[in-house]
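Below is one structure, written out as C-alpha cells, with a few remarks after it.
The values are calculated or read from the model by the stated rules, or taken from the named source; none is laboratory data. Computed from a predicted structure; not experimentally measured. Note that we place each Cβ from the backbone using ideal geometry, even for glycine, and neighbour counts take in every protein chain shown. Surface areas here come from the heavy atoms of the whole protein model, side chains and all, with no ligands, DNA or RNA. Shrake-Rupley method; radii C 1.70, N 1.55, O 1.52, S 1.80 Å.
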Amino acid sequence: MQDLYSCVLATLSPQAETRRSAEALLESASSKPGFLAQAAATHRVGTNATASALAVRQATAIYFKNVVKRRWEDAPLEDRAALRAALLPLTAERQSVVRRQLVEAIAVIGAHDFPNNWPELLAFVVDRLQTCLVQPIEAWDGDALQGVLETLEALVERYRHETRSDPLFQEILVVLGATQEPLLLLFQRMCVFWRTGSKPSERHASLVLTAMRHVAEIFYSLNYQDLPEFFEDHMADWMVEFGWILQADQALYEHVEVAPLTALPDAHALGVGTGNDQHADLDEEASPLDTLQARIIESMILYAEKYEEEFRPFLASFVTAVCALLVRHGLHSRYDGVVIAGIRFLTTVARSVDFALLLSSTTPAAAALNEANLLHYICENVVAPNMQLRESDIELFTEMPRDFIRLELDGTDVSNRRRAASELLRALLERFEERITILFSSYVNRMLEAYAFDPQTNWKQKVNAILIVSALSWRAGTRAAGATFTSEFVDISGFTKTQIRPEIERAASKLSRQSPPALLIAEALKFLILFRGRLTASELAELRPFLIHLLGNRDTVVHSYAARFLERVLASTRLGNEPPTRILDRVEIERCVEAIAHQFSRDPENEYLMKLLLQMASLVSAKESPSIVRLLAMDLQQRLGSFTNPVYSHYLFETLVMLTRSAGVSAVESLLFPIFEQILQQDIVELTPYVFQTLAQMVLWRGEGLTEAYRRLLPPLLAPPLWDRHGYIPSMVSLLVSFLRTDPKLLCDAEHLPRVLGVFQKLVSFRTHDHDGLRLLSAIVDACSSDDRITPYLGAILQVLFLRLQSARTPKFVRHLLACLAHIPALFEHFLDQVWIPELRSPERSPLLCDPLVGKTICCAMVLMAEARPLLWTKLLDPTLGCCLVVETQRVPATENHGHNRNRILERDQHANQPLETEEAFVADYSVEHAELRSAQIPPVDPCPQVTYPVDLLLQMLARYCGSTAATIKFITEHCQAERARLALERIQMERPTARGASV
C-alpha cells in the first residue's frame, strides 16, 4: 500500500521522466489481481490532511475510477465482490474532491453489476435515508448524507441516456420500489424544516439545500423514461413543495415570510425595464437556492414536455411562479442559471398544446397585473429585458472573447440569457407571429431611432435591435446552411442594406473617421452568418471585400466572425456543387492568407481562422501551397508543447494534409519532417496521433520511392511499448497500412513480418482495438498476396482469430473479420455459414453486421464461389440479399455520414481534393486520446470498385444461374423471406439497365 502511495505521489512530480516512469508502473500494476482493492484501501488509512496527502488521495481516486472504467469486466470475480463491499462505506468521505471520484466509480460498477450482482448497494442507500428520516436534522451526518445522495444520483443519472428496454425498466422499478417514498418524505421534511424551524446555522442551511438539490436531480432521472405510478399519485405532494421553493428567495436564509405565489412584482420598479442590475452588490456565484430552483424548473420542463396531461392541473400556477421568479431576479448575472431554466420552461409551454394559457386573462399573473393576457406581460417583462446587452456581456466580450464566441456563436440555443430569450421569442412567434412581430417591431424602431439620434451613446440599442430582428426573422435552418426559411413579415434584404451593410462598410473603410464599436460590428457579422443563405450572389460579392478586410481587425470576435462567415459560405457553396472560384478569386485568397498569417501572432490558436484556411486549401495552387505549409510549420514549431486549443490543432493538421496533397509530398516533406521528429521525440500526446496520420498520407501520396527518413520510422513504430499507448493505436495502424500498400516488401520480409503480426495479435486481444488489428491483417494479406510469405503464419493467425471469436464475439469483430476471410474462399464459406448468418438473424445486430463494404465483399465472394458450387445459392441467397438491402438503406450522402466514422463505413475514396464538412465530424469523434482527421482517412480496399448497387449484381448473377426471369422469380420466392422476396421482385420488375450494376 505504501508502494502505491509513493507511486501515485511520483505521478505528480514536475519531472517528466519521474512522472512517466511512475505512470508506467501504475499501468503495469493495474492489470494485476488485487490492485483495485489496494487502491480503494488507500482511502481508509491515515488522517493526514496536508495538501500533498490530499493531492495523492485525489489522484489515486481518479486513477481508481479510470481503471474501473477500463477493466472492471476483466477483474476476477472475487476481487469484484470484495471491492463492492469495501466501496460503500467510502461514500462518507469528507473531502468532496475525493468523494466525487469514488461515487463515479460506484456508478460505473453499478452500470455493470446492479441490481442483480449488487443488491447491497440499494439496501445501503435506503438504510442511510431511513436514518435521516428518524434523526433530528441538527444531528445529521452531513458527509454521510451527501455521499449517499450523490451515489444514488450518479447511479440513476444514466437513465436519462439509456435506450428504452425491458431490463432498464426492471431496474428502474427496483430502485423506485426502494427509494420513491423515502425520497418524498425526506424532501418534505427538509421543506418543513425551512418553513417552521428556527433560523438554521450556515452549515445546516447549506447542507439541507444541497441535499434538496440532489433529491431534485434524482427526481428528474427517475421520471425521465416514464412517469412512475407513485410519482403520478403523489404529484400534488411534490408540486406543493416545488412551488413553494420557486417563490422563495433569500428569506430561506433569513426566515422571513415569503410572498404568495400570485403576487408578481412590478418589473419596472425592479429596474428590469431599463436594464439596470438591481442587485449589483450580490455575489457573482449562484447560491445553493439558485441552483435548487434551476433543477426544479428543469423537472417542470420534463413534465411539461412528456407528461402534459398529468401535469396540466399544475401548469398555470407554475407559469405564474416562474414569471414571478424571472422578474424578481432581474438581470444580475448571478441568477443566469435559474433565469435561463425559467425561460426554457416558458418556451416549452409556448410550444405545447397548452399555449393558449398565455392568452388567458384569468391566470393569477394576468389578474395581478391588470393585463389582458399573460402573453404581453411575458414579452414586456421577460423576453425584452433578457435580450438586452448587459454590462457582464460587454465584460465577457472584452476580457474573454473566446468564451463570448463560444456562447454566442457556437453554444446551444440556451447557452446564455440573450439566446434563451431569443428562443422564447421564436416559440411565441410560432403561435402568435403577426401579433408578436408588430409588438417587437415597435421596440426595434425605437431602438434604431435612439441610435440614429446619438450613435456614440446609444450603440447598445442597435445591438439589441439586431438581435431582436434576428429572432423575428428566423423560422428554420441548420448550423451548416444558416437560415433556410424566414418570416414573411420581416424584410431581411432591406434590413441588411439599411442597417447591417453600412456598419460593415464603416468598420472596413479606411476613410471613416469613427469606426463602430467592435461589439456592434460583431453583432452585424453574426446577422450575416445566420442569414447568409438569404443573400443573393451580387450581395455576397459586394460584401466580400469588406469581410476580407475585417479578417485583419484587431478585435478577436470581429475577425473570428468574419472568418466564420467566409468559411461557411465556402462550405455551403461546395455543398451546392457550385464552383468555389465564384466566391474567392486568386487575389482574394492571397489577401485572406496574408490576414490570417498576420493574426497568428496577435491571436494565437484561433480555430475560426484555421477553419477558413482549411476551406481555402483546395483553392490554393500547387505552386502556392508550400509557402502556406511553411507558415503552418512555423506556427506549429513555435507552439510545440504549449497548445491549449485542441480544435485549432485538429484543423491545423487537417489543413496540412490538404496542402501536402496539393503541393506534392516531396515539395513539403523537408519542412515537416524536422517538426514531426521533435513531436515524436518529446512524446507530445496531443499532437502525436495527428503526426502519425499525416505521415501515413505522406507515405501513400509520395510519388517516388520512400527515402531513408521514412524507413527510420519503422524500428520505433514496431517497438512494443509504443503499442501500450491506446490513444496512438488507430493512427499507428494507419501508418503501417500505408507502408504495406506503398512498399509491401519493406514490411513483409523475414525481419519485419513477425513483428507486424505480433502487433496484430496484441490489438485483436482488445475489444476497443480489434477492428484496428483486423484492418492491419487485411493490409498484411493484401501485401503478401503475390507470394507465399504469409503461408507459414496462417495457422497461428487463424488460431488467434477463432479463439477470440469463441471468447468474445461482437458484431463489430464479426463484420471486420469477414473482410479478412474473404481472401480465403474455403474459410469464408464456413465463416458465413457458422458465424455470420446466425448473427444476422438477430434484428438488433443485423444493422451492425452490414455496411456497404461488407455487402460488396459478400456479393463478390459469393458470386465467385457460386460459379464453382451452385448449391451455395440455396444456402446463402436469403441472408446475402438481406445484407444488401440493409446496405442500401444505410446509403447516405457523405455530409450526413459522420456518425459512421468509427465503424470505418466508407463508400468511396474520400481523398478528393476538396475539404470535407469536418466540423460536425470532429465534434462527434474528438476525444482526448485520439481524433481522426477526415482528410487523412485511408479507405479500405474495395473488392468490387465497379459495383455501386450490390443488390443488382446479386440479382444479375442469380439470373445467370437460373437461366430465365421466370426461374429467377420462382427461386427467390422459394428461398427468401417474404419481405425480402417482395423487394427483390420489385427490383427485377423495375428492369434497370445492366449498366447500373457496374456504375461507379
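Just flag the trypsin sites (Lys or Arg not before Pro) in the range 8-112 sitting in loop per DSSP whose Cβ has no more than 13 other Cβ atoms within 10 Å.
Numbers: sites: Arg19, Arg20, Arg44, Arg57, Lys65, Lys69, Arg70, Arg71, Arg80, Arg84, Arg94, Arg99, Arg100; in loops: Arg44, Arg94.
Those satisfying the criteria are Arg44, Arg94.
Dividing the radius of gyration of the alpha carbons in the range 119-218 by their Kirkwood radius gives 1.01 for Rg/Rh.
Here the simple spin-label model places points 7 Å from the Cα toward Cβ, and for Ser21 and Asp113 these points are separated by 3.5 nm.
List the trypsin sites (Lys or Arg not before Pro) in the range 390-494 that DSSP assigns to loop (not H, G, I, E or B) and whose Cβ has at most 11 other Cβ atoms within 10 Å. Which are they? Numbers along the way, then the final one.
Values: sites: Arg390, Arg402, Arg406, Arg417, Arg418, Arg419, Arg426, Arg431, Arg435, Arg446, Lys460, Lys462, Arg475, Arg479; in loops: Arg390, Arg479.
Those satisfying the criteria are Arg479.
Sorted from greatest to least, the principal axis extents spanned by the alpha carbons of the range 118-172 come out as 42, 18, 16 Å. Think of each Lys and Arg Cβ as +1 and each Asp and Glu Cβ as -1; about the Cα centre, that makes the dipole of the range 409-465 roughly 160 debye. For the range 45-185, the Kirkwood hydrodynamic radius comes to 16.1 Å, computed from all pairs of different C-alpha atoms.
Only Lys, Arg, Asp and Glu carry charge here, each on its Cβ (+1 for the first two, -1 for the last two); on that basis the range 1-114 has a dipole of about 300 debye about its Cα centre. Amide H contacts of Leu933 (H built 1.01 Å from N, in plane; Pro and chain starts excluded): no residue 5 or more places away or on another chain comes under 5 Å. For the range 450-581, how big is the tail of P(r) above 19 Å, as a whole percent of Cα pairs? That tail contains 48 percent of the Cα-Cα pairs.
Take Lys970: with every protein chain present and a 1.4 Å probe, its accessible area is about 120 Å².
In this structure, the pairs whose alpha-carbon distance is over 22 Å, taken from Lys497/Lys611; Lys462/Lys497; Lys460/Lys526; Lys526/Lys611; Lys812/Lys875, are Lys497/Lys611; Lys812/Lys875. Here the range 460-568 has 52 percent of its accessible surface on carbon and sulfur atoms, given a 1.4 Å probe and all protein chains in place.
Annotation: lysines with alpha-carbon distance below 16 angstrom to Lys69 (same-chain offsets under eight excluded): Lys32. Couplings for the range 301-307, taken from phi via the Karplus curve 6.51 cos²θ - 1.76 cosθ + 1.60 with θ = phi - 60°, read 4, 4, 5, 5, 7, 9, 10 Hz in order; Gly and Pro are left as x.
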